[in-house]
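Engineer: Just passing along the structure, written as structure tokens.
The values are calculated or read from the model by the stated rules, or taken from the named source; none is laboratory data. Note that the structure is a prediction, hence the values are computed from the model and not measured. No Cβ is skipped: glycine too gets one built from the backbone with ideal geometry, and neighbour counts run over all protein chains shown.
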């Protein structure tokens, strides 16, 4: 096979090598921190026995949001347990929760800034386009090269994958806020922070929730792929089902992912509303 | 109508606002060689939003700025609380130059001295009417119980105390705009800026709100700057009216002054359709005593402030078809059926326009 004419990978690989040699300390720190947070979340979720966890969440949902949410929680979590994938399910919920929080924490301020500064928005647009069109598998390569196999590259790749939808929709949400609402804040003598928290965020809330929903769902999709690099959880089970051609395992793991997706999406929406 | 003796609240001197990438060059040209609007557009590709506006508004006065869309009236009103920075000129509120204020002083000025009501009402969708009305106080850090008490009082003034716990979307357009007004007066500002507040309302509701607004503003002793594209509305509400065109204030005066002495053909065309029945007064219609052939002493009398409507009734009732105008015992002139017809037709205005 002859060398291709266009091969950015050779450059990037060299760059990654350089980063690996020179930035090892930084990456070790990031990796360590990510692993600690992730392990903490996972341990917390798996601390109570499965039946107690399901019961507790169901009761909480019943008390806070009514019987529909309680039923949803009981069914979706119950499905994980009944499929014999409780541990993996909790691992996935931990991974998705942590990565979505990280994505939002990075994407929200950037998206807000892009809504305020058209130049930044224009500069970000091609970057986001590339990030969203590159097949998600490709994210895993540099993540693994830097952080080697395991949960950390899975988390990092998921965080990066979750940023573009949240960032875009955050920008859109704030640009859609009626200008007169911002003017009202200014004309009332509100500080920029008051305008943001009392007027802009409430007005942008619905669109922001759509962004959050997209981020959760895309992160879940990525988490499955992350099973390939040792991310564990339900993704690993899907991968196992695929490689061993075990229809039963693949299906159980797949349905559990759907259950987790619905659970996380509806819950986060209700909590934020 | 103007109270010349009272305090000047807003003082605008030679205020310009230029929009465009080369605004700074354009300002320099205006400042150094007195460049006009056309030159600014031609030489710098900048649009003049407000050109050389100078006016003063006194305490308790309602000042209407009338102009069509694109005339610069919305820009002008936003210069008054510095939502838009002026390019040139000086704006003082109660003698303090607002261009020199720091952010904190400016916020305090906006919070305590200048209220604003918007065309689109700008109510916050997820909050109750009461919380909307209390928004300005909330921003100032007034405690919940206190701000609700004041806001409820403001809602009562606009007749909406029964709606305090409803959401904005449950209210009609006219009621929503009342909430906007209550929100503006809740902070007890001396000045209220009204940016085309009634433009989107049905004609009947609009007239009702116009009257209520004027009454409320007068009873609270507030000053108001009222932006409108409707001359009828300006005449109904304003103590004085400024007519804007292409960023310039082409005439400032009372309704009667503008109707009787339009500054140019543009204003004349505007006022041509205005009913003069309540605007034109006897003192601007009457003939000199010497021009009346009959015996003046026998005629019925009325004051120089009587409007055309009242004069028509008097003239119709008088056998001589004329009425004498008197200030106390002194006879000033005579209004006949003929002068009334001329007055209604607006001969003076029409001639001037041609």
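Engineer: Residues being touching a helix residue (DSSP H, G or I) at 6+ places or on another chain (Cβ under 7 Å), within 14 Å of another protein chain (Cβ to nearest Cβ) and not in a helix (DSSP H, G or I): count how many of those fall in the range B:140-176.
Structural biologist: 0
Engineer: From the list B:334, B:296, which one is farther than 13 Å from residue B:285 by Cβ, over 32 Å from the mean Cα position of the chain (by Cα) and buried (at least 16 other Cβ atoms within 10 Å of the Cβ)? Can you show your working first?
Structural biologist: Details: B:334 fails: farther than 13 Å from residue B:285 by Cβ.
None of the other options fit; the residue is B:296.
Engineer: Right, residue A:245: under 28 Å from residue A:90 (Cβ atoms), out of contact with any helix residue (DSSP H, G or I) (no Cβ under 8 Å at 6 or more places or on another chain) and either crowded, with 24+ Cβ neighbours inside 10 Å or away from every other protein chain (no Cβ under 13 Å) (or both) or not? Walk me through it before giving the result.
Structural biologist: On the way: under 28 Å from residue A:90 (Cβ atoms): yes; out of contact with any helix residue (DSSP H, G or I) (no Cβ under 8 Å at 6 or more places or on another chain): yes; either crowded, with 24+ Cβ neighbours inside 10 Å or away from every other protein chain (no Cβ under 13 Å) (or both): yes.
Answer is yes for this residue.
Engineer: Okay, moving on. If you check B:249, B:235, which single one turns out to be more than 30 Å from residue B:112 (Cβ to Cβ) and either modelled with pLDDT of 85 or more or outside any loop (DSSP other than H, G, I, E, B) (or both)?
Structural biologist: Values: B:249 fails: more than 30 Å from residue B:112 (Cβ to Cβ).
Testing whether each residue is more than 30 Å from residue B:112 (Cβ to Cβ) and either modelled with pLDDT of 85 or more or outside any loop (DSSP other than H, G, I, E, B) (or both) leaves just B:235.
Engineer: Same structure again: Which of (1) more than 14 Å from every other protein chain (Cβ to nearest Cβ); (2) modelled with pLDDT under 90; (3) part of a loop (DSSP other than H, G, I, E, B) is the odd one out, the single condition residue B:204 does not satisfy?
Structural biologist: Among (1) more than 14 Å from every other protein chain (Cβ to nearest Cβ); (2) modelled with pLDDT under 90; (3) part of a loop (DSSP other than H, G, I, E, B), residue B:204 violates only (3).
Engineer: Between a residue in the range B:76-87 that is within 12 Å of another protein chain (Cβ to nearest Cβ) and any residue that is part of a loop (DSSP other than H, G, I, E, B), which pairs come within a Cβ distance under 7 Å, given they are 6 or more apart or on different chains?
Structural biologist: B:78/B:84
Engineer: Consider residue B:117 carefully, then state whether it is modelled with pLDDT of 90 or more, touching a helix residue (DSSP H, G or I) at 6+ places or on another chain (Cβ under 6 Å) and more than 10 Å from chain A (Cβ to nearest Cβ). Before you say what the answer is, go through the steps one by one.
Structural biologist: Numbers: modelled with pLDDT of 90 or more: yes; touching a helix residue (DSSP H, G or I) at 6+ places or on another chain (Cβ under 6 Å): yes; more than 10 Å from chain A (Cβ to nearest Cβ): no.
The answer is no for residue B:117.
Engineer: While we're looking at this one, here's another question. Regarding the range A:87-95, can at least one residue be identified that is surrounded by fewer than 19 Cβ atoms within 10 Å (Cβ to Cβ) and either at negative phi or in a helix (DSSP H, G or I) (or both)? Outline the logic, then answer.
Structural biologist: Pass one, the range A:87-95, residues surrounded by fewer than 19 Cβ atoms within 10 Å (Cβ to Cβ): A:87.
Okay, now just the ones that are also either at negative phi or in a helix (DSSP H, G or I) (or both), so A:87.
Yes: one or more hits.
Engineer: Another question, then. Looking at this structure, is residue B:304 surrounded by 17 or more Cβ atoms within 10 Å (Cβ to Cβ), in contact with a strand residue (DSSP E or B) (Cβ under 9 Å, 6 or more places away or on another chain) and closer than 30 Å to residue B:249 by Cβ?
Structural biologist: On the way: surrounded by 17 or more Cβ atoms within 10 Å (Cβ to Cβ): no; in contact with a strand residue (DSSP E or B) (Cβ under 9 Å, 6 or more places away or on another chain): yes; closer than 30 Å to residue B:249 by Cβ: yes.
Considered against the rule, which asks whether it is surrounded by 17 or more Cβ atoms within 10 Å (Cβ to Cβ), in contact with a strand residue (DSSP E or B) (Cβ under 9 Å, 6 or more places away or on another chain) and closer than 30 Å to residue B:249 by Cβ, residue B:304 comes out as no.
Engineer: So, one more: Can you tell me which of (1) closer than 21 Å to residue A:181 by Cβ; (2) modelled with pLDDT of 90 or more; (3) surrounded by fewer than 20 Cβ atoms within 10 Å (Cβ to Cβ) is the one residue B:153 doesn't meet?
Structural biologist: (1)
Engineer: While we're on this one: Of all the helices (runs of 4 or more DSSP H) wholly in the range A:108-218, which have at least 1 residues that are within 14 Å of chain B (Cβ to nearest Cβ) and buried (at least 23 other Cβ atoms within 10 Å of the Cβ)? So that I can check it myself, show each step before the final result.
Structural biologist: Details: elements: A:118-133, A:137-147, A:151-175, A:179-187.
Correct list: A:179-187.
Engineer: Can you name the number of the only condition in (1) surrounded by fewer than 17 Cβ atoms within 10 Å (Cβ to Cβ); (2) more than 14 Å from chain A (Cβ to nearest Cβ); (3) touching a residue at least 60 places away in the same chain (Cβ under 8 Å) that residue B:112 fails?
Structural biologist: Result: residue B:112 passes all but (2).
Engineer: Right, something else. Mind checking which residues of the range B:125-136 are at pLDDT 90 or above and either facing chain A (nearest Cβ under 9 Å) or part of a loop (DSSP other than H, G, I, E, B) (or both)? Outline the logic, then answer.
Structural biologist: Taking the range B:125-136 and keeping what is at pLDDT 90 or above, we get B:127-136.
Scanning the range B:125-136 gives B:127, B:128, B:134, B:135, B:136.
Engineer: Got a sec? Which helices (runs of 4 or more DSSP H) wholly within the range B:1-103 have at least 2 residues that are outside the structural domain of residue B:225 (by TED's automatic domain parsing) and exposed (fewer than 14 other Cβ atoms within 10 Å of the Cβ)? Spell out the reasoning first.
Structural biologist: Working: elements: B:23-33, B:37-44, B:73-80.
The helices (runs of 4 or more DSSP H) meeting that bar are B:23-33, B:37-44.
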